[in-house]
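**Q** Let me begin by handing over the structure; questions about it come next.
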Amino acid sequence: MRPPPTDLKFGYGTNGFTQHRLTDVLVVLADLGYDGVALTLDHGHLDPYADDLPRRVTVLAGQLSRHGLDVTVETGAPYFLDPWGKHLPTLMSDGSELRVDLLRRALRIAADLGSPTVHLCSGPAPDGLPEQDVWKRLAAGVETVLETAEKYGVALAFEPEPYMFVDTVERCRHLAQLVDGHELFGITLDVGHAHCVERRSVLDCVREAAPLLRNVQIEDMRRGIHQHLEFGAGEIDFPPVLAALRDLGHRGLVSVEIQGGSLDAPDVARRSIEFLRAAEQTAAGR
């Protein structure tokens, strides 16, 4: 049975505010009327390896509560574990225990902050490894992390990412099968990514992801070009997408992800929420 339509909750990713202190990011987003924040764990905003991490998490939880902001935790900082290798190590590569440890820390942080999900992606496949072996390594790594997810009651929200091993919703659903349809394994659907790389329309991707949908990221994009654009600078028709998410009863955040906007972050965030609220009204009118 399809859940009843619900108003969407819009968030904004901290990876688009790298020039701001995290405390200031929360103030700006709350003042602009955002419903939540997509928190990327990184060196600048919240380092999961900080010596005083418990104190920082406690303080952050209080700040989120005071501002009335929901949160989802993300682990997509590209050079966080390896200063030379983008998104390395992965769950499929040698040294995967570093990635497992990061994801376990992220799950504990998510539980303490009240985030229902932790975002992750596959990264690139190791060179020279047969595809079936890559799938086996990835599934085994995810299953290991799911053991920790069970402990904290936080779901993994796996994102298909352009030019990574898992780059489409179809491949993400295949991974779900490999982990036996675990109840805490879900999908992060990035609307721009779907437009960029999928053969099908964004609306078809929303429908395909729907049974496993936990988290949504959103930005504009052009087909075949992985560049996160402000709304209106790309090719996506957003009101039908927002209408589809609303009709599905999506209750997680729909978070803007425009990493390249950090130097003008408050203005980019303002334009983004104004665009999304207008698109939501257009969707309701249709």
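The values are calculated or read from the model by the stated rules, or taken from the named source; none is laboratory data. Quick caveat: nothing in here was measured; it's all calculated off a predicted structure. Counting neighbours? That spans all protein chains shown, and the Cβs are built from the backbone with ideal geometry, glycine included. Surface areas here come from the heavy atoms of the whole protein model, side chains and all, with no ligands, DNA or RNA. Shrake-Rupley method; radii C 1.70, N 1.55, O 1.52, S 1.80 Å.
**Q** Considering Val73, Val100, Val118, Val166, which residue is in contact (Cβ under 8 Å) with a residue 24 or more places away in the chain and in contact with a Cys (Cβ under 6 Å, 6 or more places away or on another chain)?
**A** Result of the check over Val73, Val100, Val118, Val166: Val166.
**Q** Further question on the same structure: Based on what the data block shows, is Leu138 closer than 14 Å to Ser96 by Cβ, surrounded by 22 or more Cβ atoms within 10 Å (Cβ to Cβ) and not acidic (Asp, Glu)?
**A** yes
**Q** Can you tell me how many residues within the stretch 200-216 are in contact (Cβ under 8 Å) with a residue 24 or more places away in the chain, open to solvent by 30 Å² or more (accessible area, probe 1.4 Å), outside any strand (DSSP E or B) and not aliphatic (A, V, I, L, M)?
**A** Matching residues across the stretch 200-216 total 2.
**Q** Now for a separate question. Please find, within the stretch 98-132, the residue that is surrounded by the fewest Cβ atoms within 10 Å (Cβ to Cβ) out of those that are of a type in the set (Asp, Glu) and either in contact with a helix residue (DSSP H, G or I) (Cβ under 9 Å, 6 or more places away or on another chain) or within 18 Å of Tyr152 (Cα to Cα) (or both).
**A** So the residue we want is Asp101.
**Q** Right, next: Can you name the strands (runs of 3 or more DSSP E) wholly within the stretch 217-286 that have at least 1 residues being in contact with a Gly (Cβ under 9 Å, 6 or more places away or on another chain) and farther than 21 Å from Leu8 by Cα?
**A** Filter on the stretch 217-286 gives 220-222, 225-229.
**Q** Can you work out which of the residues in the stretch 54-76 that are surrounded by fewer than 19 Cβ atoms within 10 Å (Cβ to Cβ) and of a type in the set (D, E, K, R) is nearest to His87 (Cα to Cα)?
**A** In this case the residue turns out to be Arg56.
**Q** Between Asp7, Asp51, which is closer than 19 Å to Leu253 by Cα, open to solvent by 30 Å² or more (accessible area, probe 1.4 Å) and of a type in the set (Asp, Glu)?
**A** Numbers: Asp51 fails: closer than 19 Å to Leu253 by Cα.
Testing whether each residue is closer than 19 Å to Leu253 by Cα, open to solvent by 30 Å² or more (accessible area, probe 1.4 Å) and of a type in the set (Asp, Glu) leaves just Asp7.
**Q** Name the pairs: first residue in the stretch 223-245 and basic (Lys, Arg), second residue at pLDDT 95 or above and assigned to a helix (DSSP H, G or I), Cβ to Cβ under 9 Å, at least 6 apart or on different chains?
**A** Pairs that qualify, where the first residue is basic (Lys, Arg) and the partner is at pLDDT 95 or above and assigned to a helix (DSSP H, G or I), are Arg223/His195; Arg223/Cys196; Arg223/Val197.
**Q** Of all residues in the stretch 152-183 being under 22 Å from Asp127 (Cβ atoms) and out of contact with any Phe, Trp or Tyr (no Cβ under 9 Å at 6 or more places or on another chain), which is surrounded by the most Cβ atoms within 10 Å (Cβ to Cβ)?
**A** Applying the filter and picking the extreme gives Pro160.
**Q** Another question, then. Go through (1) within 18 Å of the chain's Cα centre (by Cα); (2) open to solvent by 60 Å² or more (accessible area, probe 1.4 Å) for Val197 and report which single condition fails.
**A** (2)
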